Amino acid sequence: MPGVEVRWGRGALAELRGEWEGLWERCPQATPFQHPAWLFPWSRHFGGTEFLVATLRRGEALVGVAPFFVIEGDDGGRELLLLGTGNTDYLDVLIEPGVDGAVVSELLTSALEASGCDRCELRRLRAGTALLSAAPSAGWEGEVVEDEPCPVLALPAEVGRLGEVVRPGHLARVRRDGRRLARRGVVEMVWATEANVTELFDALVELHQRRWRGDGEAGIFADDAVVSFQREVVAEFLRAGWLRLFALRCEGRTISCHYAFSCRGRFYNYIGGYDPDYAHWSPGALAVLHAIEAAIAEGAREFDFLRGREGYKYDWGARDELTLWRRLRRSGADRGEQAEARAEVVGDQGAR
């Protein structure tokens, strides 16, 4: 397709990094999840081995990037997914502002046809993205359904006005717990820097896992790949100035760790962990309160709790922001031809 190029392999992603970052900077609606600082570590730890990226240029300038990976289904079919699918809260392609949104159809069609897939799952799309209406080539059919929501708290301009948006009684209870904890000894917040970021991240992993082990379950950090992935992201986000990782300490003991990031007026509340021995003083809720206050202080307009309908998010006054899931399937008439072509496509992967 004119203007669109599809390239295979993790190396193809890496070669685009500088231009990709520049395009992201020119896309004001893009989240950190579309930045190479998130997606490149993701590709090193997840997604298997089949990566492809569809790009669009106007002259020499990169104006569109659509990164994907391919998985093999249990039925032997091939499935195309946006890079980051699985543990990424917002997914999308990047398109230069002012470029006709119809080019998203070109990018999607080129990726679908090059991939040899008969299914495509476009998950966690925000309302308004051109991917929701991009037209694939003839022979594809699909639907759009609701995906997991991301509860978001609209932040007031001042900390003193938090009571106007937080559920009645909740803010008072958390602050009361904070005063009770302070009576045990000095309470302080320690923010991540280049000097202590490894120490704080290790504490986050340990506290998060300790809490989940106490409930007889495995937390997300039980997976070594997740730990390695997030360790890279933390380092990348620290360099970018987005990282908001901190520890809450009482009498010198770390009782809670919180991992968040802040970018373009939105504070993303990713994950936390706390010492179960201090559960009586609600260290997890206290960490969220400190994160919200920090977000307000730096001028953030929204506090995004990210995907999931956990009850505590609504205690803080968050309201659901929907994400959408677009499912595409090759229509029945074309599946036979696609099955014949699949062996050739698969056989070419080693050279790509």
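For segment 207-232, enumerate the residues that are in a loop (DSSP other than H, G, I, E, B), modelled with pLDDT of 85 or more and surrounded by fewer than 17 Cβ atoms within 10 Å (Cβ to Cβ). ASP223, the sole residue that qualifies. Being surrounded by fewer than 15 Cβ atoms within 10 Å (Cβ to Cβ), at positive phi and in contact (Cβ under 8 Å) with a residue 40 or more places away in the chain is a property that GLY185 has. Selection of strands (runs of 3 or more DSSP E) fully inside segment 237-319 by the criterion of at least 1 residues being among the basic types (Lys, Arg) returns 243-250, 253-263, 266-274. Taking the numbered list (1) surrounded by 22 or more Cβ atoms within 10 Å (Cβ to Cβ); (2) touching a residue at least 60 places away in the same chain (Cβ under 8 Å) in turn, ILE271 passes all entries but (1).
Any residue at all in segment 132-146 that is touching a Ser or Thr at 6+ places or on another chain (Cβ under 7 Å), modelled with pLDDT of 95 or more, assigned to a loop (DSSP other than H, G, I, E, B) and crowded, with 18+ Cβ neighbours inside 10 Å? No, segment 132-146 has no match at all. I'd like to check something: does segment 52-75 contain any residue that is buried (at least 22 other Cβ atoms within 10 Å of the Cβ), in a strand (DSSP E or B) and among the aromatic types (Phe, Trp, Tyr)? Yes: one or more hits.
Can you find a residue in segment 5-12 that is modelled with pLDDT of 95 or more and either part of a loop (DSSP other than H, G, I, E, B) or surrounded by 23 or more Cβ atoms within 10 Å (Cβ to Cβ) (or both)? Yes: segment 5-12 contains one or more residues that are modelled with pLDDT of 95 or more and either part of a loop (DSSP other than H, G, I, E, B) or surrounded by 23 or more Cβ atoms within 10 Å (Cβ to Cβ) (or both). Condition check for ASP118 on (1) surrounded by 21 or more Cβ atoms within 10 Å (Cβ to Cβ); (2) under 22 Å from the mean Cα position of the chain (by Cα): one failure, at (2).
Do you know which residues across segment 258-314 are of a type in the set (Ser, Thr, Tyr) and touching a Phe, Trp or Tyr at 6+ places or on another chain (Cβ under 7 Å)? If the condition is that a residue be of a type in the set (Ser, Thr, Tyr) and touching a Phe, Trp or Tyr at 6+ places or on another chain (Cβ under 7 Å), then TYR259, SER262, TYR268, TYR270 are the ones that fit.
Can you report the number of residues in segment 265-322 which are of a type in the set (D, E, K, R) and closer than 24 Å to ARG210 by Cβ?
Applying the first criterion (of a type in the set (D, E, K, R)) to segment 265-322 yields 266, 275, 277, 293, 298, 301-302, 304, 307, 309-310, 313, 315, 319-321.
So of that shortlist, the ones also closer than 24 Å to ARG210 by Cβ come out as 275, 277, 307, 310, 313, 315.
Counting residues in segment 265-322 that are of a type in the set (D, E, K, R) and closer than 24 Å to ARG210 by Cβ gives 6.
Close contacts from segment 287-310, counting a first residue that is of a type outside the set (D, E, K, R) and a second that is exposed (fewer than 14 other Cβ atoms within 10 Å of the Cβ) and part of a loop (DSSP other than H, G, I, E, B), with Cβ to Cβ under 8 Å and a gap of 6+ residues or different chains, come to ILE296/ALA157; ILE296/GLU158; GLY299/GLY265; ALA300/GLY265.
So which of TYR278, TYR259 ends up being crowded, with 22+ Cβ neighbours inside 10 Å and either hydroxyl-bearing (Ser, Thr, Tyr) or not assigned by TED's automatic domain parsing to the domain that holds VAL190 (or both)? Give the derivation first.
Working: TYR278 fails: crowded, with 22+ Cβ neighbours inside 10 Å.
Going through TYR278, TYR259 in turn, the sole match is TYR259.
The values are calculated or read from the model by the stated rules, or taken from the named source; none is laboratory data. Because the structure is predicted, anything quoted here is derived from the model rather than measured. No Cβ is skipped: glycine too gets one built from the backbone with ideal geometry, and neighbour counts run over all protein chains shown.
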